Amino acid sequence: MKVNIIRTTIDGREITIASPGKARGDVLEELDEEMRQVIGRNVLLAKLEDLLNVGIVQAIVNWAKRNSLWPATFGLACCAIEMMATVASRNDIARFGAEVFRGSPRQADVMIVSGRCSWKMAPILKRIYDQMPNPKWVIAMGTCASCGGVFQNYAIVQGVDQIVPVDVYVAGCPPRPENLLHGIMMLQEKIKNERIGEHKSKEVP
Amino acid sequence: MAEQTQVLTDIDRLLQVAERLKNFLSEEAIENVKVHNGEVTVTVKRENLTEALQYLRDEEKFEMLVDATAVDYMHLRNETRFDVVYHLLSLTHRLRLRVKVSVRSDDAWVPTVCHIYPSANPYEREIWDMFGIHVEGHPNLKRILTYDEFPGHPLRKDFPLFWQPGQPLEKPEEKFEEW
């Protein structure tokens, strides 16, 4: 595959777009000076390599997505206390743009399932996930949300991935705030390489 | 010269309550009275339960039902499998009394005490939900902790602990019998 450089004019202004294809080094060599200038002038958002990995438009969209992850408030158990500590001043989740906890799933991007989920709670969890608009992600926080943990019994879902598609599993019982922040950063890394529309192909059991 | 007064302990007072309850009901209405760990337990017959609790509330001033629950003695007793337990508190006399009713598994029901102690309502629903002991006359006898489609009663000793929805509900192996 070759890098296609398309030049168009929008509102009387010349725009240059590069699409991905070749190996990164070759692509960088093949870019002409004008292309670099356009990118430098219009897209001061991410590294050039990142842009070329997924395409300029997707890179911009992904940048916007991953730097303002609005979590849905979904504290189920003791992990929620650590989640609150993550939001508080010492660990300050706002440094990663995820401080806006929404009470309504309609305004949320990421659901942090913090705690053990009972089978009675499972339909509500699924419903809140369904109510979140696309694109949406799920972090299973702690051992219980990931695999049931110590609650290996009839009442508890053995991992919320039976109910909703989980993007990041955060280990710990409960995980420390640093651990949850690491999970959020891993999710950001994941979003960085996402293609537009990719979330729609996620398997929902 | 100060008059010598006898100081009654809480256990003495509770045993007096049990004695008065026995006089009020009848000799055979009370199966036994036990003292263990400074706590007094009165086991009454099922047909005298509401009468006994009514008397204890009105005459002996046990105004408060603190808890009502059940115990499954599946591997420990042959005749009666369940005990339904009522914990009473007297705020007037600062006493606590435990009332028990023994129930057979093939005849598992108790009368409701909701009209005596309204706080018994959720407790009796929990007894039904967890142990499958039917509560006769309860105004709203539905499951309270598990969901409506839940099969069985999970606090019974023969409920498979590791069961998950979608699996067949099999009885656990008999290895529990050993201890």
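The values are calculated or read from the model by the stated rules, or taken from the named source; none is laboratory data. As the structure is a prediction and not an experimental result, all values here were calculated from the model. Don't worry about glycine lacking a Cβ; one is built from the backbone with ideal geometry, like all the others, and counts go over all protein chains shown. Just so you know, the surface numbers come from the protein's heavy atoms only, side chains and all, with ligands and any DNA or RNA stripped out. Shrake-Rupley method; radii C 1.70, N 1.55, O 1.52, S 1.80 Å.
Here are a few things to note about the model shown:
- Scalar couplings 3J(HN,Hα) for the stretch A:72-80, obtained by applying the Karplus form with A = 6.51, B = -1.76, C = 1.60 to θ = phi - 60°, are 7, 6, 9, x, 9, 7, 4, 4, 4 Hz; x denotes Gly and Pro.
- Within the shell of other residues whose beta carbon sits under 14 angstrom from the beta carbon of A:Pro174, the net charge comes to 0, with Lys and Arg scored +1 and Asp and Glu -1.
- Amide hydrogen neighbours beyond the local backbone of A:Ile112, cut-off 5 Å, H modeled: A:Ala72, A:Phe74, A:Ile139
- Radius 11 Å from Cβ of B:Arg94, net charge of other residues (Lys, Arg +1; Asp, Glu -1): +2
- Nearest-ten-degree value, helix B:49-58 long axis tilted from longest Cα axis of chain B: 40 degrees
- Pairs of Lys residues in chain B that lie 8 or more places apart, or on two chains, and have C-alpha atoms under 19 angstrom apart add up to 10.
- Cα gyration tensor shape for the stretch B:47-174, rounded if a/c is under 1.5, else prolate or oblate: prolate
- Candidates B:Glu60, B:Glu28, B:Glu124: whichever shows maximal mean-square fluctuation once chain B is modelled as a Gaussian network with Cα springs under 10 Å: B:Glu28
- With the convex hull of its Cα atoms as the shape, the stretch A:77-191 has an orientation-averaged projected area of 6.5 nm².
- Solvent-accessible area, 1.4 Å probe, carbon plus sulfur percent, for chain B: 50 percent
- The count of lysine pairs in the stretch A:58-205 that are at least 8 places apart or cross chains, and whose C-alpha atoms lie under 24 Å apart, stands at 19.
- Proximal charge balance of B:Ile116 [Cβ under 12 Å; K/R count +1, D/E count -1]: -3
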